[in-house]
Amino acid sequence: MNKAARLWKSRRMDELLAPYGNHEFTTRARKVMTSGNTRATLFVPPTPPYAVVGKGCHVIDQLDHEVIDFNNNYTAMIHGHSFEPINDVVRDQLSKGTAFGLPTFSEVELAEVLAARTSIPFWRFNNSGTEAVMTAIRGARAFTKRDVIVRFAGSYHGVHETVVDATAAGIPSSTQDVAIALPQGDVEAFDACMREHGSSVAAVLIDLMPNRAGLIPAQQDFITHVAEITRKHGALLIVDEVITFRVGLGGMHKHYGITPDIMTVGKIMGGGFPVGGLGGNADVMSVFDPATSGTVSLGGTFSANPVTMRAGKVAMDYFNTAEIERLNGLGECFRTQLTEAGIKVTGFGSLARLHEPVNVAELWWTMYHNHVLTGTSTLMSLSTPMGQDDVDRAVTGIVDSVKALRG
Ligand SMILES: Cc1ncc(COP(=O)(O)O)c(C=O)c1O
């Protein structure tokens, strides 16, 4: 990079970061939280802005800076912020009580919606995608009476230790005895692993378009093969659709013509409230049946709370086939416009991710300054309040940012 470009970059960064670094929120936050916030995924150096108000596809921070929200709480806010039909049911539920030591019928209604959309008949709920995957793994181990989980390196499935690299901080090294991470798309590695360990494998866990591995849809041949070999060895296929559920009425696995033994969901199906869920057939899901002895006891004080369940049902009702198709079409336009402008982008449906060889924190801040909010790793998603104008504005902001940083 030449001297002028370097100077431009450093000045611009200083100018962008100083008002946030010096803000009272940052000073106070750092006194009680080491990085100033809870979620590592939201931390952007030197300190993230704090959201104050969200409405539709816009968010305003503590400096009154407004951005178009292509982050959507990491793809969860399918209807953007403060969506009136969700607000209405939440207000109604607040007046009736938010959590009980009895089940409410709202969980049955959300399970009915998921069963109808996916054709997967039985469901249970918890409070996050992490818990959904963790529960699916426990269920698969209980069902098969085996211990080993095969997963694919680079895919993120939450923070439960079986799905995190065994060398990561705080993960017991013994995890590697019960969790094997293989390169996604590598048929030979998969076959070799199943030949050697197949009889101990409880489940193969896969994300069909893993965000952290580049948000590239998996190859059809690979998925068909994985599904077949997994079953051949008597293991279960867990498809993690915590992010990809939004790309089709029943999720992304429908595009591949496979039926998961257990499907995990989260994010959009909580209507903006904490959620996770897992579904499977009667046999598999009977491992969570407390009426049967020897099953997995699934607790969770706030699991299936009626606020989340009712908000989730409304979110699903409004995210019907027509809206899914409209949003997927808009996502296709978004990626095409970026590609035509010379920006490297991947994704499918209403999801996208940038692949530019620039400093990712600088890119994030520059886009933020240009009124586009993305994930800190540049994961982006669309929400139903968006139209072509929002996409056009975002494309301009992204292209300007990338060009400025390329120097
Ligand atoms: C594919 C996938 N699985 C699981 C999770 C964990 O979900 P949560 O953050 O709700 O725990 C995520 C989160 O981004 C995810 O992308």
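The values are calculated or read from the model by the stated rules, or taken from the named source; none is laboratory data. If you're wondering where the values come from, they're calculated on a predicted model, not measured in any experiment. Methodologically, a virtual Cβ is constructed for each residue, glycine included, from the backbone with ideal geometry; neighbour enumeration extends over all protein chains shown. Quick note on the areas: whole protein, heavy atoms, side chains included, nothing else; ligands and nucleic acids left out. Shrake-Rupley method; radii C 1.70, N 1.55, O 1.52, S 1.80 Å.
Annotation note: of 126, 73, 87, the sole residue that is closer than 17 Å to residue 268 by Cα, open to solvent by 50 Å² or more (accessible area, probe 1.4 Å), out of contact with any Pro (no Cβ under 6 Å at 6 or more places or on another chain) and not aromatic (Phe, Trp, Tyr) is 73.
Counting the residues of the stretch 249-268 that are of a type outside the set (Lys, Arg) and either at pLDDT below 95 or under 15 Å from the mean Cα position of the chain (by Cα) (or both) gives 7. Which number in (1) small (Gly, Ala, Ser); (2) open to solvent by less than 10 Å² (accessible area, probe 1.4 Å); (3) within 30 Å of residue 88 (Cα to Cα) marks the one condition that residue 203 misses? Going through the list (1) small (Gly, Ala, Ser); (2) open to solvent by less than 10 Å² (accessible area, probe 1.4 Å); (3) within 30 Å of residue 88 (Cα to Cα), residue 203 breaks only (3). For the stretch 89-116, name all the residues that are of a type outside the set (A, V, I, L, M) and either within 20 Å of residue 249 (Cβ to Cβ) or in contact with a helix residue (DSSP H, G or I) (Cβ under 6 Å, 6 or more places away or on another chain) (or both). Within the stretch 89-116, 93, 98, 104, 106, 107, 109, 112 qualify. Entry remark, the stretch 132-170: residues being within 16 Å of the ligand (Cβ to nearest atom), farther than 22 Å from residue 198 by Cα and over 16 Å from the mean Cα position of the chain (by Cα) number 1 in total.
Screening residue 176 on (1) within 16 Å of the ligand (Cβ to nearest atom); (2) open to solvent by 30 Å² or more (accessible area, probe 1.4 Å); (3) among the polar types (S, T, N, Q) shows it passes everything except condition (1). A residue that is in the same structural domain as residue 165 (by TED's automatic domain parsing) and free of Cβ contacts under 8 Å to residues at least 12 places away in the same chain cannot be found anywhere in the stretch 119-130.
Pairs meeting the criteria (first residue in the stretch 133-161 and under 12 Å from residue 182 (Cβ atoms) and in contact (Cβ under 8 Å) with a residue 12 or more places away in the chain, second residue within 12 Å of the ligand (Cβ to nearest atom) and open to solvent by 50 Å² or more (accessible area, probe 1.4 Å), beta carbons under 8 Å, at least 6 apart or on different chains) are 152/213; 153/213; 154/212; 154/213; 155/212; 155/213. When the test is whether a residue is among the acidic types (Asp, Glu) and in contact with an Asp or Glu (Cβ under 9 Å, 6 or more places away or on another chain), residue 177 passes it.
Among the listed residues 26, 34, identify the single one that is in contact with a Ser or Thr (Cβ under 6 Å, 6 or more places away or on another chain) and away from the ligand (no atom under 16 Å from the Cβ).
Answer to the check: 26.
Scan the stretch 224-254 residue by residue and report those that are within 16 Å of the ligand (Cβ to nearest atom), under 22 Å from residue 381 (Cβ atoms) and in contact (Cβ under 8 Å) with a residue 40 or more places away in the chain. Correct list: 240, 242, 243, 244, 246, 247, 248, 251, 252, 253. Taken over the stretch 363-404, the criterion of being open to solvent by 10 Å² or more (accessible area, probe 1.4 Å) and touching a Leu at 6+ places or on another chain (Cβ under 8 Å) is satisfied by 368, 369, 376, 384, 387, 388, 395, 399.
Give the stretch 233-277 a look and list any residue that's more than 16 Å from residue 77 (Cα to Cα), buried (at least 23 other Cβ atoms within 10 Å of the Cβ) and among the charged types (D, E, K, R), or say none. Answer for the stretch 233-277, where residues must be more than 16 Å from residue 77 (Cα to Cα), buried (at least 23 other Cβ atoms within 10 Å of the Cβ) and among the charged types (D, E, K, R): 240, 261. Filter the stretch 1-41 down to the residues that are outside any helix (DSSP H, G or I) and in contact with a helix residue (DSSP H, G or I) (Cβ under 8 Å, 6 or more places away or on another chain), then identify the one that is nearest to residue 407 (Cα to Cα). That would be 1.
With respect to the conditions (1) away from the ligand (no atom under 16 Å from the Cβ); (2) open to solvent by 30 Å² or more (accessible area, probe 1.4 Å); (3) closer than 30 Å to residue 276 by Cβ; (4) not aliphatic (A, V, I, L, M), residue 56 lacks only one, and its number is (2). Applying the set (1) open to solvent by 20 Å² or more (accessible area, probe 1.4 Å); (2) among the hydroxyl-bearing types (Ser, Thr, Tyr); (3) away from the ligand (no atom under 16 Å from the Cβ); (4) outside the structural domain of residue 130 (by TED's automatic domain parsing) to residue 95 leaves exactly one unmet item: (4).
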